[in-house]
Each structure stands twice: as C-alpha cells, then as structure tokens.
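Let me begin by presenting the structure, written as structure tokens, before commenting on it.
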Amino acid sequence: MRPYVNHYDLLYSDKPYENDIKVFNELNAIPNNGTTLLEFGAGTGRHSELLLEQCKYLDIVEIDDDFIEKLSSRLNGITHFNIGRTVSDLGSPLKYDAACAFFNVINYIETKDELQIIFKNIAHYLKPKSRFLFDIWNGDAMLHSPPKEETRVKQAENWKATIKIVPDLNIITRYMTMKYQVELQFTDKDNENYNEELNLKAWLPTEIKTMLITSGFNRVDIVPTRDINSAIREDDWTLWFLATKL
C-alpha cells in the first residue's frame, strides 16, 4: 500500500466529512424515504461510514487498488454495501435514490469522454427525479488565481507532518500535477518520508453542466461550498453541483 493512502486519514483528519453529509441532506440530495445510495470515489471510506448510517444499502465505486484495500478494511463487518470499479461492475439491480462524490474526485477524471461515460452511467442507474451531488475545484477560479507552492504543518500528540505541495497548472490544457513531499515524525515509531504525485483537470463549471445535461440530467444547480445560499464569486475555488435526473 502506498504511504499516501496508508497515512491519508492521519494527514486529513481535519477534513469536514460530517459537513459534507450535512450538505448532502440540506440540499435534499436524498429523499426522506431514500434507502439505496451510490458513492463514486470513496477513498478510505470516511464518508461511506456516515452514509451507511442513513441508508439501507450503499454501492461504492473506487478504482484505486490501495484505496479499495483501505476502504474494505474500514468497512469490515458491515454487510449492507458493495464495492466495484465501475457502476456497471457492481451488478446491482437497484435504482439509486441518490448519488454522491466528495472531495473533488471529479477533478481526477482527466478526459471529457471518460467523464461523460461516468455521468451517463450514474444517470442511468438513478431513479427518476433523483439527484447526484458532488464538489469540484472550480477551473475558472484556478485560472484566475493559480495555485502556488506551499508547505503545511500538521501535528497531534504523537505525530507531526510537514507537507510540501508543488502544483503545476498548464493554463492552456488545464491539466494540473500536484506533487506532495511528506515528512512524518512519530514519537512511538520510525519516521517516514515519501512523495506522491496526483494528476487533475481544472474543469470549467460550464463544461461540467453541459456534460451533465447531455448525460440525462435535466437540472443542474451550482453553489459555492463556503455558503450554499450565496452567489458564486470568481475566487470560489470549490463548488457544489446538484444534478437532478429527468
């Protein structure tokens, strides 16, 4: 297992998982009687745990082998879920009451053709009038204010992490590479140093909306993650998309 995945929950323990589920419910992404959910790009399963508390069944799509291992370990002992690499791989006859994807996983889909297929599959397996909620890094804001190199320091009682992030955004193609250099210091075990490189696409909101509409969603609402009741500003780096199926 890659160190990035092995230590993911440690490094991102401050991520607002509960807030995302709160937004999921506030935006009525799941009907009151909804029981079957689809999660795309579950990572280590922190969101999955919370979703499983409010549904009878959860289907999970995850393509990364290391994340699948971590996810399976976290959900060990829970029976009302399934994991597949694509929606069709799940082999489920269920039509979902809602679908979701958190922490900008859509940005890791780098080609229009691939993303269009994903949107079409999700729309196909959703019940009529059901919704798909996800967040993205806003390509417009990324071009307006490109990411800069930074170093973050996080620590708790038994560990300290120094994380150097080196972004490289091509403003023409809008492909971006994020290079992470991580130094982990522990008080109770050996220290670890590792590198991880992530590739993303700075999708424009207009591109995403067009692909959703042509994939079978007839309404797309877009709001800033900082405040779902506010208008979008040019510096809003992250946005919520709520797509409703025909």
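Could you check, for segment 177-200, whether at least one of its residues is outside any strand (DSSP E or B) and surrounded by 14 or more Cβ atoms within 10 Å (Cβ to Cβ)?
For segment 177-200, residues outside any strand (DSSP E or B) and surrounded by 14 or more Cβ atoms within 10 Å (Cβ to Cβ): absent.
On the given criteria, is Phe186 assigned by TED's automatic domain parsing to the domain that holds Tyr17 and either in contact (Cβ under 8 Å) with a residue 12 or more places away in the chain or not charged (D, E, K, R) (or both)?
No: the conditions fail for Phe186.
Pick from segment 139-176 the residues that are part of a strand (DSSP E or B) and among the acidic types (Asp, Glu): which of them is surrounded by the fewest Cβ atoms within 10 Å (Cβ to Cβ)?
Going through the qualifying residues, I end up with Glu150.
Restricting to helices (runs of 4 or more DSSP H) lying wholly in segment 10-100: which have 2 or more residues that are in contact (Cβ under 8 Å) with a residue 12 or more places away in the chain and either touching a Ser or Thr at 6+ places or on another chain (Cβ under 7 Å) or of a type in the set (Asp, Glu) (or both)?
It comes to 17-26, 65-74.
Being at pLDDT below 95, assigned by TED's automatic domain parsing to the domain that holds Lys127 and within 30 Å of Asn191 (Cβ to Cβ) narrows it down to one residue among Ser88, Ser72, Ser92, Ser13; which is it?
It is Ser13.
If you go through segment 201-215 one residue at a time, how many are touching a residue at least 60 places away in the same chain (Cβ under 8 Å), under 18 Å from Ala141 (Cβ atoms) and not in a loop (DSSP other than H, G, I, E, B)?
4
Quick check on my filter: what residues within segment 221-246 are more than 15 Å from the chain's Cα centre (by Cα) and part of a loop (DSSP other than H, G, I, E, B)?
Arg226, Asp227, Ile228, Asn229, Ser230, Ala231, Ile232, Arg233, Glu234, Asp235, Asp236, Leu246
Restricting the first residue to segment 115-129 and requiring it to be assigned by TED's automatic domain parsing to the domain that holds Ala101 and hydroxyl-bearing (Ser, Thr, Tyr), which pairs with a second residue that is outside any helix (DSSP H, G or I) and crowded, with 16+ Cβ neighbours inside 10 Å meet a Cβ separation below 6 Å and a spacing of at least six or different chains?
Close Cβ pairs (under 6 Å, with a partner that is outside any helix (DSSP H, G or I) and crowded, with 16+ Cβ neighbours inside 10 Å) amount to Tyr125/Val87; Tyr125/Tyr96.
The values are calculated or read from the model by the stated rules, or taken from the named source; none is laboratory data. Remember, it's a predicted structure, so these values are computed and weren't measured experimentally. Virtual Cβ from ideal backbone geometry, glycine too; neighbours counted across all protein chains shown.
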